[in-house]
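Only one structure is covered here, and it is reproduced in the block below.
Every number in this text was worked out from the coordinates using simple rules, so none of it is lab data. Predicted, not measured: the structure shown is a model, and the values here were computed from it. Note that we place each Cβ from the backbone using ideal geometry, even for glycine, and neighbour counts take in every protein chain shown.
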2 protein chains.
Amino acid sequence: MEDLLKQKCVACRADAPRVTDDELPDLLKEIPDWQPITKDSVLMLNKVFKFEDYAQSLDFTKKVAALAEEEDHHPAILLEWGKVEVTWWTHKIGGLHKNDFIAAAKTDALNT
Amino acid sequence: MEDLLKQKCVACRADAPRVTDDELPDLLKEIPDWQPITKDSVLMLNKVFKFEDYAQSLDFTKKVAALAEEEDHHPAILLEWGKVEVTWWTHKIGGLHKNDFIAAAKTDALNT
């Protein structure tokens with residue numbers, strides 16, 4: 001994960017390369033708590049963070065939102081009582097770019 | 001909607017009454033932009049609020065979260081770029097209580 005944490009999301013064009021099937025397993029090993037999910041045929045990275053109360057959930061949501069603005073890459077953040085579900089993917093390519101793995105690693109680092 | 005806005009969510013027990021099929025249409029008329037949806041067999045109230053940028057979406061998310069704490073009733077808030085999807089229901093009764101309609105009306109009032 002250290003390697004991903006040092007990187008920064010790069011601007012992503014519609015013709016930017018998706019992560020290939022060959023690259024996927026190694027990248028997933030770097031963020032082992034994230035699940036690859038498919039929604040509307042789009043591959044995404046998903047993780048549920050649990051918290052003891054709403055204030056903590058909201059605080060984490062704000063941190064992830066600040067990261068999103070900093071990286072200019074925006075996930076879906078589902079805020080509920082006691083949990084926050086974060087989903088990263090790259091809209092423009094309809095799938096996963098390396099950016100999403102960088103962003104997932106940085107999201108984990110916000111929760112320490 | 002005015003009538004709902006004046007009310008406050010009441011603490012809800014597991015045996016509190018769900019909104020009945022007879023009451024539902026009149027209550028929905030008071031919050032016409034909200035859609036009744038069913039998820040995992042639970043009836044919920046859902047609305048997507050659109051915004052021009054992420055900062056506005058985040059700002060609205062914070063307002064809804066503050067309302068949730070004030071009413072001690074917590075929705076699911078899905079924050080994405082340019083939109084916030086809010087879903088109200090009452091966990092303890094597995095469906096809709098009048099609280100949810102009050103909370104929906106108050107959510108609309110935050111977006112004016």
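What you get for the protein assembly as shown, charging only the Cβ of Lys and Arg (+1) and of Asp and Glu (-1), is a dipole of about 40 debye around the Cα centre.
Each principal axis of the Cα atoms in the range A:32-82 has its own extent, and those three values, largest first, are 34, 24, 21 angstrom. With label points defined 7 Å past Cα in the direction of Cβ, position A:LYS8 shows copy-to-copy spacings of 4.8 nm, given to one decimal and shortest first. How large is log10 of I(q)/I(0) for the range B:22-112 at q = 0.15, 0.17, 0.20 Å⁻¹ when the intensity is taken from the Debye formula with one equal scatterer per alpha-carbon? Computed log10 I(q)/I(0) values: -0.53, -0.68, -0.93.
Show that you can apply the helix-only estimate: for the protein assembly as shown, add -39,500 (n - 2.57) for every DSSP H stretch of four or more residues, divide by all residues, and state [θ] at 222 nm to the nearest 500.
Values: 8 runs with 85 residues, N = 224.
The helix-only estimate for the protein assembly as shown comes to -11500 deg cm²/dmol at 222 nm.
Looking only at the range B:61-78, which residues have a backbone nitrogen under 16 Å from a spot 7 Å from the Cα of B:VAL42 in the C-beta direction? The answer is B:73-78. Distance between the C-alpha centres of the range A:1-65 and the range B:40-104: 24 Å, rounded to the whole angstrom.
Enter the angle in degrees (range 0 to 90, nearest 10) between the Cα long axis of helix A:98-110 and the first principal axis of the Cα atoms of chain A, meaning the one along which they spread out most. The helix A:98-110 is inclined about 20 degrees to chain A.
Look at the stretch B:68-81: the mean tally of other chain Cβ atoms within 10 Å of its residues' Cβ atoms is 5.
Take every pair of alpha-carbon atoms less than 8 Å apart whose residues are at least six positions apart; their mean separation over the length of the range B:47-96 yields a relative contact order of 42 percent.
For a paramagnetic label modelled on A:LEU24 (point 7 Å from Cα along Cα→Cβ), amide N atoms under 19 Å away belong, within the range A:73-102, to A:87-102.
A point 7 Å from Cα along Cα→Cβ stands in for A:ASP22, and the other copies hold the same point at 6.9 nm, listed in rising order. Axis between B and A by rotation; chain B residue with nearest Cβ and distance in whole Å recorded as B:LEU78, 2. The ratio of the alpha-carbon radius of gyration of the protein assembly as shown to the globular-protein estimate 2.2 N^0.38 Å is 1.11.
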